[in-house]
Each structure stands twice: as C-alpha cells, then as structure tokens.
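A short worksheet on the structure shown next.
The values are calculated or read from the model by the stated rules, or taken from the named source; none is laboratory data. Worth saying up front: this structure is predicted, and the values here are computed from it rather than measured. All Cβ positions, glycine included, derive from the backbone under ideal geometry; neighbour counts span all protein chains shown. Surface accessibility is based on the protein's heavy atoms, side chains included, excluding ligands, DNA and RNA. Shrake-Rupley method; radii C 1.70, N 1.55, O 1.52, S 1.80 Å.
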Amino acid sequence: AQSVSQHNHHVILSEAASLELGCNYSYGGTVNLFWYVQYPGQHLQLLLKYFSGDPLVKGIKGFEAEFIKSKFSFNLRKPSVQWSDTAEYFCAVTYGGSQGNLIFGKGTKLSVKP
Amino acid sequence: NAGVMQNPRHLVRRRGQEARLRCSPMKGHSHVYWYRQLPEEGLKFMVYLQKENIIDESGMPKERFSAEFPKEGPSILRIQQVVRGDSAAYFCASSVAGQDTDTQYFGPGTRLTVL
C-alpha cells in the first residue's frame with residue numbers, strides 16, 4: 001500500500017537551531033510532494049510543494065525541501081528556526097495520474113524553545 | 001477572499017445520534033475532499049466529490065458514512081448512528097481542478113466528540 005513515513009514524532013529545538021524533518025514515501029512511480037504546517041489552533045497551510053523541475057524547492061517562511069528520488073525522500077529544512085515555527089508539520093504525497101487524494105504522514109510536532 | 005469554511009467547528013453527539021458536517025469550498029473551487037484525523041494519526045483520505053458527483057469514496061467506511069456535494073450549497077459529510085470510534089477531527093479541502101498536482105486548501109476542521 002502507498003504510504004508516507006515521518007520518522008520524528010516530536011522534535012524540540014532552541015531558537016536559531018537548524019531543522020531537518022524527514023519524510024519518505026513508498027512506491028516508485030511519479031509523485032507530487034507537499035509539506036503542510038498546522039500552527040496551534042489553526043488549519044493546515046501549504047508550506048511548499050514539488051511536482052517537477054528543480055528538486056530543491058523553496059517555500060514560505062524560509063523553509064525548503066529537497067526531493068531525492070533515489071531515496072524516496074522529501075526532507076524539510078530550515079537553517080534557523082524561530083519560536084513562531086512551533087507547529088505540527090505534515091508531509092503528503094499524491095501519485096501521478098491520481099485525482100489528487102493526498103496521502104499524509106503522521107506528522108511531526110516541532111517545539112521551539114525561546 | 002474567504003477560504004474553505006467548515007461548520008460546526010466542534011460537535012458533540014451521543015452514541016446512536018447522527019452527525020452532519022458541512023464544508024463550503026473556496027470560491028471558484030468545485031472539487032472537495034474529506035479527510036479524517038484520528039488521535040495521534042495523520043490525515044486519512046475519505047472521499048472526493050465534484051458537484052453532484054462522488055468521484056472516489058475508497059476511503060469511506062462501508063456503513064453509516066455518506067457524503068454529498070449538491071449543485072447548490074455546501075458539501076455534507078453525514079455519519080449515522082455515531083459510535084465512540086468516530087470521535088476525530090474531520091477536515092475538508094478544496095481544489096480548482098482535482099488533479100494530482102493541485103494545491104488543496106484546507107478548512108479549520110470539525111472536531112467530533114461522541115459521548
């Protein structure tokens with residue numbers, strides 16, 4: 001079955017630390033990859049997405065992600081986190097030719113200490 | 001420019017009652033997706049609808065759950081005879097064209113609690 005794995009359930013960092021959240025997906029066909037963020041009490045918002053072209057994708061708020069096809073990975077990175085980045089982060093995938101049903105990972109909670 | 005709207009935000013039902021969850025897509029979007037998030041789990045796809053059509057309901061439980069998206073008005077997710085295991089957050093998303101590369105825009109969710 002198609003699935004998405006996020007390896008870290010909860011990450012705790014201090015402000016200014018660098019962030020990398022892992023995401024791996026199953027299946028070897030064409031994929032489209034998304035990172036969503038859910039701030040406390042708010043709805044899911046799109047951070048960035050990849051479906052073709054440069055595998056290094058830049059999103060909002062200084063986030064970026066790199067698609068490595070050989071590793072089935074799409075890790076999220078930020079060089080220096082802020083307290084306001086405290087949120088839950090979800091990696092999601094759609095498969096080429098699908099009608100857009102997103103397959104989500106379980107999410108990673110990020111807590112940034114001021 | 002209103003985003004995806006869901007109501008109610010919180011819904012409490014007793015076992016055996018019916019729950020109706022509503023979703024109004026973003027303006028200009030005619031494709032609606034419903035997802036369910038159980039505690040400590042990621043979002044799971046339930047159903048994909050266009051106006052007056054169910055396109056994919058492969059994620060819907062076989063019994064008690066139904067969805068519609070009428071020509072006029074919001075999309076409705078209906079759960080009959082709720083059980084405690086239905087307690088979850090239900091999210092609606094909408095997109096422009098229902099393609100795999102589309103961005104889906106999410107509503108704030110409805111948190112259903114079954115007593």
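Structure summary
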{"quantity": "Strands (runs of 3 or more DSSP E) enclosed by chain A - at least 3 residues per element that are more than 19 Å from B:Ala93 (Cβ to Cβ)", "calculated": "A:10-14, A:19-21, A:56-58, A:64-68, A:73-78, A:108-113"}
{"quantity": "Residues of the range A:87-110 that turn out to be more than 10 Å from every other protein chain (Cβ to nearest Cβ) and open to solvent by 40 Å² or more (accessible area, probe 1.4 Å), as a count", "calculated": "1"}
{"quantity": "Residue selected from the range A:16-46 under the condition exposed (fewer than 15 other Cβ atoms within 10 Å of the Cβ) and free of Cβ contacts under 8 Å to residues at least 60 places away in the same chain, by the criterion farthest from the other protein chains (Cβ to nearest Cβ)", "calculated": "A:Glu20"}
{"quantity": "Members of the range B:62-115 found to be outside any loop (DSSP other than H, G, I, E, B), among the hydroxyl-bearing types (Ser, Thr, Tyr) and either away from every other protein chain (no Cβ under 14 Å) or exposed (fewer than 15 other Cβ atoms within 10 Å of the Cβ) (or both), listed by number", "calculated": "B:Ser66, B:Ser75, B:Thr113"}
{"quantity": "Flag if B:Tyr35 is within 11 Å of chain A (Cβ to nearest Cβ), open to solvent by less than 70 Å² (accessible area, probe 1.4 Å) and touching a Leu at 6+ places or on another chain (Cβ under 9 Å)", "calculated": "yes"}
{"quantity": "Meets criteria (at pLDDT below 95, within 14 Å of another protein chain (Cβ to nearest Cβ) and closer than 13 Å to A:Gly100 by Cα) for B:Gln50", "calculated": "yes"}
{"quantity": "Any pair with Cβ under 6 angstrom, 6 or more apart, that starts in the range A:68-82 at a residue that is within 25 Å of A:Ser3 (Cα to Cα) and ends at one that is of a type in the set (S, T, N, Q)", "calculated": "A:Phe72/A:Asn24; A:Ser73/A:Asn24"}
{"quantity": "Residue, most open to solvent (accessible area, probe 1.4 Å), within the range B:19-32, restricted to residues that are in a loop (DSSP other than H, G, I, E, B), in contact (Cβ under 8 Å) with a residue 60 or more places away in the chain and more than 13 Å from chain A (Cβ to nearest Cβ)", "calculated": "B:Gly28"}
